[in-house]
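The structure appears below as structure tokens.
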Amino acid sequence: MTGYDPSAAAGQNVVGGYTLMDRNIGALNKTPGDRDSFGLAYQWGRKDPFPGSDGSRQGTWIELSDYREIWNGEGYQKLRAFMLSPEGAKGCPGCYERKVSPCKSAFKPVEGVEGAEQSEAWKNYELMVREIDEGKTELSCKPGAVMYYPSLACDFRCVMCAQAELRDQNIHLPERMDKEVMDLLPYMVMFHIIGGEPFIQPAWRRLLEEYTPELNPCLKFEAITNGALVNRSLLDKLSVFPAVWITFSFDGSTKELFDSIRVSKAGFEVVFANLLACIKHQREVGEARFKVNASMTVQKSNIHDMVNMLRLIREENADITFSPLMMQPIPLSLRHYNDAPTEIDWAD
Ligand SMILES: C[S@@+](CC[C@H](N)C(=O)[O-])C[C@H]1O[C@@H](n2cnc3c(N)ncnc32)[C@H](O)[C@@H]1O
Ligand code: SF4
């Protein structure tokens, strides 16, 4: 795919004891400035890459392109062609998404709702599956699963937040994006809003104004949240969606630990009370309609607390996922120790 030979010393860069490739995955050459040298870009360690861009209108640079140009642009067409190729079809070893194809699991329309099968979203989903089966790289279906980051604005200041530096640059998507995304509402099977904090975004308020179950009876709404605003009144607003999946970021089982990581005015008590209210709501309406889970970003300061977190959440009969802090910030990362024997005392 890249013309890069991992067994040849030429072209390898060794930095801090790690061997790095001389190009991004997917780059077709390594000629500086050549658009084929951009390859795939992985934002903040996300597993799904963005095709790299030289900033021309065929790229993924949202300031210049509208989503249609990106959806069927050169970068995505190349990515789809690769995924359809025998090499791409193999995927990465052990990849969950490969074992349980997203088309057949996570991104399915919500079932069992009146009118669902006649809806535009259902038809768009079926068209997408057909087009993928036919091996098309230019799709006439619209994006059916949208993950939207309107801005990085947030009411918390978590010590490890990977977005901290970018947040200070006050980066926002162009205003037209909210409209482009809302115009897709009838066709989506999943809309996931992140941030920053999703529930302080104007796009969230706009979604509530524009969405009705009649517009799309099989839409699943998802959000990853700091949980400070997910109270009873917000749960009532969420009940408009046929299915909801909320992930609470929760990084410590005690007030002291939680508040030392997730720095906010709301604090442990408010977030935990909201999480419990969500768990109760899940019990009342059933997991098919409302699912909540906790997610812990494991870092140096809280790795000793994983078992307590597991107990705390499982005692409430809810689920928790653990994911490691990414490379940054380095002082909190589990991959960087100055004096491992003293810093890894949690192993006892
Ligand atoms: C960036 S936040 C956005 C949504 C929301 N504000 C929240 O905290 O859930 C999404 C997730 O990224 C996690 N996160 C923040 N900084 C991270 C880092 N340096 N490494 C790995 N995950 C991180 C958060 O704990 C949260 O679960
Ligand atoms: S709540 Fe989320 S976005 Fe906000 S600072 Fe914490 S991790 Fe970052």
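At-a-glance table
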| quantity | calculated |
| --- | --- |
| Total residues in segment 313-343, condition out of contact with any Phe, Trp or Tyr (no Cβ under 7 Å at 6 or more places or on another chain), part of a loop (DSSP other than H, G, I, E, B) and of a type in the set (A, V, I, L, M) | 4 |
| Residue check for ALA164: within 16 Å of ligand 1 (Cβ to nearest atom) and over 16 Å from the mean Cα position of the chain (by Cα) | yes |
| In segment 185-211, residue nearest to PRO143 (Cα to Cα) [restricted to those that are touching a residue at least 40 places away in the same chain (Cβ under 8 Å) and in contact with a strand residue (DSSP E or B) (Cβ under 6 Å, 6 or more places away or on another chain)] | MET188 |
| Within segment 167-177, considering residues that are under 19 Å from the mean Cα position of the chain (by Cα) and not in a loop (DSSP other than H, G, I, E, B), the one surrounded by the fewest Cβ atoms within 10 Å (Cβ to Cβ) | HIS172 |
| Residue among GLU87, GLU120, GLU114, GLU97 that alone is exposed (fewer than 14 other Cβ atoms within 10 Å of the Cβ) and at pLDDT 85 or above | GLU114 |
| Output for segment 146-161, where each listed residue is out of contact with any strand residue (DSSP E or B) (no Cβ under 9 Å at 6 or more places or on another chain) and surrounded by fewer than 17 Cβ atoms within 10 Å (Cβ to Cβ) | ASP155, ARG157, VAL159 |
| Residue under evaluation GLU287, criteria (1) surrounded by fewer than 19 Cβ atoms within 10 Å (Cβ to Cβ); (2) under 23 Å from PHE199 (Cα atoms); (3) within 16 Å of ligand 1 (Cβ to nearest atom), criterion not met | (3) |
| Single residue of segment 132-144 satisfying the filter (surrounded by 15 or more Cβ atoms within 10 Å (Cβ to Cβ) and at pLDDT 90 or above) that is nearest to ligand 2 (Cβ to nearest atom) | PRO143 |
| Candidates ALA266, ALA243 - the one that is touching a Lys or Arg at 6+ places or on another chain (Cβ under 6 Å) and of a type outside the set (Val, Ile, Thr) | ALA243 |
| Test: residue in segment 295-309 that is assigned to a strand (DSSP E or B), within 24 Å of the chain's Cα centre (by Cα), more than 19 Å from ASP155 (Cα to Cα) and within 14 Å of ligand 2 (Cβ to nearest atom) | yes |
| Residue that is farthest from GLU114 (Cα to Cα) [pool: residues in segment 218-272 that are acidic (Asp, Glu) and within 16 Å of ligand 2 (Cβ to nearest atom)] | ASP259 |
| In segment 245-299, the residues that are free of Cβ contacts under 8 Å to residues at least 40 places away in the same chain and acidic (Asp, Glu) | GLU256, ASP259, GLU269, GLU284, GLU287 |
| Residues of segment 146-178 satisfying the condition of being among the hydroxyl-bearing types (Ser, Thr, Tyr) and away from ligand 2 (no atom under 14 Å from the Cβ) | TYR148 |
| Every residue from segment 299-319 that is surrounded by fewer than 19 Cβ atoms within 10 Å (Cβ to Cβ) and among the aliphatic types (A, V, I, L, M) | ILE303, MET306, VAL307, LEU310 |
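Rundown of residues vs (1) more than 25 Å from MET188 (Cα to Cα); (2) within 21 Å of the chain's Cα centre (by Cα), yes/no style:
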residue: LEU234; (1), (2): no, no
residue: TRP245; (1), (2): no, yes
residue: PHE250; (1), (2): yes, yes
residue: LYS255; (1), (2): yes, no
residue: ALA266; (1), (2): yes, no
residue: ARG314; (1), (2): yes, no
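The values are calculated or read from the model by the stated rules, or taken from the named source; none is laboratory data. Note that the coordinates shown come from a computational prediction; the quantities given were computed from them, not determined experimentally. Cβ atoms come from the backbone with ideal geometry, glycine included; neighbour counts cover every protein chain shown.
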